[in-house]
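K.L.:
Below: one structure in structure tokens.
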Amino acid sequence: MDINLIVVQTFNALFYASILFLISSGLSLIYGIMRILNLSHGALYMVGAYVTYTVVILWLGLDWFSMVLGYVASILVVGALGILVERILLKPLYGKSHDLQLLLTFALILILDDMVKMIWGPEYRAFPRLPGFSIPVGEFQVPIYFVFTLLLGFSVAIVLHLFFTRTTVGKMIRAMTYSPEVASALGVNTDRLFALSFGLGAALAGLAGGVAVPLYTASPGMGTEIIVLSFAVIVIGGMGSIKGALVGSLIVGFSRVFMVMLFPVMEIALIYIIMALILLVKPTGLFGMEMRERR
Amino acid sequence: MRRDAELYSLILLLGVLAVAPLFSTQYTVRLLTVGLLYGLAAVGFNLLYGYTGLLSFGHAMFWSAGAYGLSIGLVRLGLDPLQSIGLAFLLTLVVALATGYLSLRHTEIYFAMLTLAFAQLIYALIIKLRDITGGDEGIYGIPRPMGLGEYYYLVLAIVALLVLLAWWIVRTPLGLGFQAVRDNSSRAASVGLDVSRVRLVSYVISALYLSVAGMLYAPLNRAITPDIAFWTFSAIIVIMTIIGGVRRVAGAFIGGLIFIFININAMRFTEFWQLILGVILAILVYLAPEGVSGIVEKVVRRVKG
């Protein structure tokens, strides 16, 4: 196989893994702390994509500075949306049947998909190529945007790691993942942490959408495929674990991109085979701990 | 509410559905047929979820096994209808036994994720095995043996039979076993129930219900596309069951009908029908936490005093 192609595909896989990591870490965080399977997480990613699209293409113009502003806008808008959803819609459901949370987060997909259609129209929104997207070095094209994304993904991973291991709030959140009763008995304000966690998870999905939009065209319903791959990521890595989300994203990213080259029939199938095998052999995932439903 | 009130409401509902086409356009009859099939799917799903306590997030795979099995038999292999139905059942049983045997090693979220993984695996194969399944484009030209009006009654007859069968199953020792396993699996085991066998039986019966719904769906549209295997369809099966109410067979059945009813009316009203559907679902979360059948029961109980 051509070495050049392998290099290009490695970049593709790493880019794809970075996006998956940003989405899945939020999904995993929300599940770990709140035991909510947030089906609408892909829809939040879609909103993030449209926000960055609007800021960069419709308002500021195509350059790196407005890209960064677009990300900030996506983080703020989708993060705020997440907090609103948690405070107004999810809070009344705590302690009730899990069915209702599934129903509500599914309803949110329908609502957000159509609201995006109302605001931006049903058609795909192409994103012109960012100047300096890739730079020729000798005979190679170095995809600067991919390198940038990869660094961004790693920085987020490091920041999250520091947040959960070094700060009081982060430690409280982790304590809640293990045992909300004990955390609550020790004086942790679980109510406020739920809002914070859901907002943070949503903000990460928003950022993922902003980072992805230059490559994956913005369209209504763009979240429905990536959300289920994110489920695969957090199951493989271990639900509730940030490290797991990182490793899971790399596994899913690489297996997809390289299967396209080697054995296209298995492009997506292999991901779900890995997911099922992990669940059968080690249901807590590579880095997770046991998750029992709270009743 | 008396115990057999559920049976009477089911019979009443089926009676209403039997005369409904007399007052409907061709278009509405088609949607009513879909409503019946969604209702059947919800009833089948609810045997596993409401009655046995196992949340599957992959039931689209059984609807697809039925629909694709039948269509591949009829269109690709040129089999006659009976052979094609046999093929569809065979395919469903293979998928159900294999995925059930593996998925039922776990319960709760891990079971849900395993069923999701298997269903997505099947979706991925349907997309990629173009020669057999038609890939993205699906299978066209599936013959329907009769006009839409007659087909409605064929579907109604089969659905009525299977829904009443489900009503009966949950009252047999087998169905009571489902509920014993749901309520307390270790106690069920201690009184001599083979818990994993009970779960597998429930899983396979549930899968067969979905498969029949899928088999009846394919000739209705004369075409199938891989959407019916995607996770969103599995989610819709879960959602319509919950909005109807998971405590009863009749609840789930009503859920499927209501889901289509909301869809029809929202579509007529605006192109943004998903938004309307989403808002109604969200309102139901707060107004009808026990499902629509829960509200009906509450009203009936109050009227009776």
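K.L.:
Scan (1) assigned to a helix (DSSP H, G or I); (2) touching a residue at least 24 places away in the same chain (Cβ under 8 Å) for the single condition residue A:220 breaks and write down its number.
P.N.:
(1)
K.L.:
Which residue out of A:245, A:212, A:205 is in contact (Cβ under 8 Å) with a residue 60 or more places away in the chain, in contact with a His (Cβ under 6 Å, 6 or more places away or on another chain) and more than 9 Å from chain B (Cβ to nearest Cβ)? Please lay out each step first, then the result.
P.N.:
Details: A:245 fails: in contact with a His (Cβ under 6 Å, 6 or more places away or on another chain); A:212 fails: in contact with a His (Cβ under 6 Å, 6 or more places away or on another chain).
The conditions single out A:205.
K.L.:
Give me a count of the residues in region A:84-97 that are part of a helix (DSSP H, G or I) and more than 8 Å from every other protein chain (Cβ to nearest Cβ).
P.N.:
We begin by selecting, within region A:84-97, every residue part of a helix (DSSP H, G or I); these are A:84-93.
Subsequent filtering for residues that are more than 8 Å from every other protein chain (Cβ to nearest Cβ) retains A:84-88, A:90-91.
So the answer is 7.
K.L.:
Related question: Would you mind stating whether residue A:75 is β-branched (Val, Ile, Thr), under 24 Å from residue B:284 (Cα atoms) and assigned to a helix (DSSP H, G or I)? Outline the logic, then answer.
P.N.:
Details: β-branched (Val, Ile, Thr): yes; under 24 Å from residue B:284 (Cα atoms): no; assigned to a helix (DSSP H, G or I): yes.
No; evaluated as a whole, the condition is false for this residue.
K.L.:
Further, regarding this structure: Tell me whether region B:200-223 contains one or more residues that are under 14 Å from the mean Cα position of the chain (by Cα) and free of Cβ contacts under 8 Å to residues at least 40 places away in the same chain.
P.N.:
No: region B:200-223 contains no residue that is under 14 Å from the mean Cα position of the chain (by Cα) and free of Cβ contacts under 8 Å to residues at least 40 places away in the same chain.
K.L.:
Output the residues belonging to region B:104-145 that are among the basic types (Lys, Arg), within 9 Å of chain A (Cβ to nearest Cβ) and assigned to a helix (DSSP H, G or I).
P.N.:
Of everything in region B:104-145, just one residue is among the basic types (Lys, Arg), within 9 Å of chain A (Cβ to nearest Cβ) and assigned to a helix (DSSP H, G or I), namely B:128.
K.L.:
Right, residue A:235: crowded, with 24+ Cβ neighbours inside 10 Å, of a type outside the set (D, E, K, R) and part of a helix (DSSP H, G or I) or not? Outline the logic, then answer.
P.N.:
Details: crowded, with 24+ Cβ neighbours inside 10 Å: yes; of a type outside the set (D, E, K, R): yes; part of a helix (DSSP H, G or I): yes.
Against the criterion (crowded, with 24+ Cβ neighbours inside 10 Å, of a type outside the set (D, E, K, R) and part of a helix (DSSP H, G or I)), residue A:235 qualifies.
K.L.:
Moving on. Do we have residue A:282 as within 11 Å of another protein chain (Cβ to nearest Cβ) and surrounded by fewer than 24 Cβ atoms within 10 Å (Cβ to Cβ) here? Before the answer, list the steps.
P.N.:
Working: within 11 Å of another protein chain (Cβ to nearest Cβ): yes; surrounded by fewer than 24 Cβ atoms within 10 Å (Cβ to Cβ): yes.
Here the answer is yes, as residue A:282 does meet what is asked.
K.L.:
Search region B:246-266 for residues being in a helix (DSSP H, G or I) and within 14 Å of chain A (Cβ to nearest Cβ), and hand back the single one that is farthest from residue B:16 (Cα to Cα). Talk me through it step by step, then tell me what you get.
P.N.:
At the first step, the residues of region B:246-266 found to be in a helix (DSSP H, G or I) are B:249-266.
Within this subset, residues satisfying the condition of being within 14 Å of chain A (Cβ to nearest Cβ) are B:251-252, B:255, B:258-259, B:262-263, B:266.
Details: B:251: 16, B:252: 17, B:255: 16, B:258: 14, B:259: 17, B:262: 18, B:263: 19, B:266: 22 Å.
The qualifying residue farthest from residue B:16 (Cα to Cα) is B:266.
K.L.:
Is one or more of the residues making up region B:258-266 surrounded by fewer than 22 Cβ atoms within 10 Å (Cβ to Cβ), of a type in the set (S, T, N, Q) and over 25 Å from residue A:96 (Cβ atoms)?
P.N.:
Going through region B:258-266, the residues surrounded by fewer than 22 Cβ atoms within 10 Å (Cβ to Cβ) turn out to be B:260-266.
Next, from what is left, pick out any that are of a type in the set (S, T, N, Q): B:263, B:265.
Next, from what is left, pick out any that are over 25 Å from residue A:96 (Cβ atoms): B:263, B:265.
Scanning region B:258-266 turns up at least one residue that is surrounded by fewer than 22 Cβ atoms within 10 Å (Cβ to Cβ), of a type in the set (S, T, N, Q) and over 25 Å from residue A:96 (Cβ atoms).
K.L.:
Also, quick follow-up: Let me spell it out: the conditions are (1) in a helix (DSSP H, G or I); (2) on the phi > 0 side of the Ramachandran plot, and residue A:161 meets all of them except one. Which number is the exception?
P.N.:
Status for residue A:161: all satisfied but (2).
K.L.:
Quick check on residue B:54: is it part of a loop (DSSP other than H, G, I, E, B) and closer than 30 Å to residue B:121 by Cβ?
P.N.:
On the way: part of a loop (DSSP other than H, G, I, E, B): yes; closer than 30 Å to residue B:121 by Cβ: yes.
When the stated conditions are applied, residue B:54 passes them.
K.L.:
Here's something else I'd like to know. Given A:225, A:267, which one is among the acidic types (Asp, Glu), within 11 Å of chain B (Cβ to nearest Cβ) and within 23 Å of residue A:78 (Cα to Cα)? Steps first, answer last, please.
P.N.:
On the way: A:267 fails: within 23 Å of residue A:78 (Cα to Cα).
Among A:225, A:267, only A:225 is among the acidic types (Asp, Glu), within 11 Å of chain B (Cβ to nearest Cβ) and within 23 Å of residue A:78 (Cα to Cα).
K.L.:
Which one of A:275, A:261, A:239, A:289 is more than 17 Å from residue B:123 (Cα to Cα) and facing chain B (nearest Cβ under 10 Å)? It would help to see each step written out before you state the result.
P.N.:
Numbers: A:275 fails: more than 17 Å from residue B:123 (Cα to Cα); A:261 fails: facing chain B (nearest Cβ under 10 Å); A:289 fails: facing chain B (nearest Cβ under 10 Å).
After ruling out the rest, the residue left standing is A:239.
Per-residue answers, yes or no, for (1) surrounded by fewer than 18 Cβ atoms within 10 Å (Cβ to Cβ); (2) touching a strand residue (DSSP E or B) at 6+ places or on another chain (Cβ under 8 Å); (3) β-branched (Val, Ile, Thr); (4) at the interface with chain B (Cβ under 7 Å from one of its Cβ atoms):
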residue: A:99; (1), (2), (3), (4): no, no, no, yes
residue: A:102; (1), (2), (3), (4): no, no, no, yes
residue: A:107; (1), (2), (3), (4): no, no, no, yes
residue: A:119; (1), (2), (3), (4): yes, no, yes, no
residue: A:131; (1), (2), (3), (4): yes, no, no, no
residue: A:138; (1), (2), (3), (4): yes, no, no, no
residue: A:147; (1), (2), (3), (4): yes, no, yes, no
residue: A:150; (1), (2), (3), (4): yes, no, no, no
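K.L.:
From the set of residues in region A:241-294 that are among the basic types (Lys, Arg) and assigned to a helix (DSSP H, G or I), which is nearest to residue B:101 (Cα to Cα)? Can you show your working first?
P.N.:
Taking region A:241-294 first, the residues among the basic types (Lys, Arg) are A:243, A:256, A:282, A:292, A:294.
Now drop any that are not assigned to a helix (DSSP H, G or I), which leaves A:243, A:256.
Numbers: A:243: 31, A:256: 27 Å.
My answer is A:256.
K.L.:
Moving on. Here are some residues: B:237, B:276, B:224, B:243. Which one is at the interface with another protein chain (Cβ under 10 Å from one of its Cβ atoms) and closer than 21 Å to residue B:210 by Cβ?
P.N.:
Working: B:237 fails: at the interface with another protein chain (Cβ under 10 Å from one of its Cβ atoms); B:276 fails: closer than 21 Å to residue B:210 by Cβ; B:224 fails: at the interface with another protein chain (Cβ under 10 Å from one of its Cβ atoms).
On inspection, the qualifying residue turns out to be B:243.
K.L.:
Being surrounded by 24 or more Cβ atoms within 10 Å (Cβ to Cβ) and either of a type in the set (A, V, I, L, M) or within 13 Å of chain B (Cβ to nearest Cβ) (or both) is the filter here; which residues of region A:248-258 pass it?
P.N.:
Those that are surrounded by 24 or more Cβ atoms within 10 Å (Cβ to Cβ) and either of a type in the set (A, V, I, L, M) or within 13 Å of chain B (Cβ to nearest Cβ) (or both): A:248, A:252.
K.L.:
I need the full set of residues from region B:267-295 which are of a type in the set (S, T, N, Q), part of a helix (DSSP H, G or I) and at pLDDT below 90, in order please. Walk me through it before giving the result.
P.N.:
First, pick out the residues of region B:267-295 that are of a type in the set (S, T, N, Q): B:270, B:274, B:293.
Next, from what is left, pick out any that are part of a helix (DSSP H, G or I): B:274, B:293.
Passing the criteria: only B:293.
K.L.:
Among the residues of region A:1-51, write down those that are among the hydrophobic types (A, V, I, L, M, F, W, C), within 30 Å of residue A:180 (Cα to Cα), within 14 Å of chain B (Cβ to nearest Cβ) and assigned to a helix (DSSP H, G or I).
P.N.:
A:27, A:30, A:34, A:43
The values are calculated or read from the model by the stated rules, or taken from the named source; none is laboratory data. Remember, it's a predicted structure, so these values are computed and weren't measured experimentally. Using ideal geometry, Cβ is built from the backbone for each residue, glycine included, and neighbour counts are taken over all protein chains shown.
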